[in-house]
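Data block below; observations after.
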């Protein structure tokens, strides 16, 4: 892979953007009474992942970047939980692809965090 010009070149950002798009599409059919409840929470959690990756990338210090990747990872776990709940409530029929994207994003986030931590010597 070549030199990174932007956070938009990061595979983890690309996967998390795809996840957010698919979450929006998957939540279109959720009950209208959940628009400001579960639907909104699911969507906000999905958007938080690529947004925190981008914000961390733009920070001045590597430790700040690592912190924002941790926030993105927390949002990812929140999203997984909300998707499981929506599925259990029969609001979303099939979450297999969404959960697979969550797993991919999680692996990529962890790899990036570990790489940054090794290069700074922090945990």
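Some notes on this structure:
- Based on Cα contacts under 8 Å between residues 6+ apart, the chain shows a relative contact order of 29 percent.
- Given their separation in residues at 0.36 nm each and the Cα-Cα distance between them, residue 40 and residue 89 gain 16.1 nm when the chain is fully extended.
- Based on DSSP H segments of at least four residues, each scored -39500 (n - 2.57), the chain has a per-residue ellipticity at 222 nm of -25000 deg cm²/dmol.
- Summary of the geometry: segment 19-35 and segment 73-123, compared by the centres of their Cα atoms, lie 18 Å apart.
- Exposure proxy order (Cβ contacts within 10 Å, fewest to most) of 53, 95: 95, 53
- The angle separating the long axis of helix 96-120 from the principal Cα axis of greatest extent in the chain is about 20 degrees.
- Cα gyration tensor shape for segment 69-123, rounded if a/c is under 1.5, else prolate or oblate: prolate
- Per-peptide average of other Cβ atoms within 10 Å, ordering 42-52, 24-34, 9-19 highest first: 42-52, 9-19, 24-34
- With Cα atoms, 0 to 90° folded angle of helix 11-26 axis to the chain main axis: 10 degrees
- Principal-axis tilt of helix 38-57 within the chain, Cα atoms, nearest 10 degrees: 10 degrees
- Spin-label model, residue 117 to residue 59: label points 7 Å out along the Cα-to-beta-carbon direction sit 1.4 nm apart.
Rule-based calculations on the coordinates, nothing more; no lab input. Just so it is clear, the model here is predicted, and its values are computed rather than measured. Counting neighbours? That spans all protein chains shown, and the Cβs are built from the backbone with ideal geometry, glycine included.
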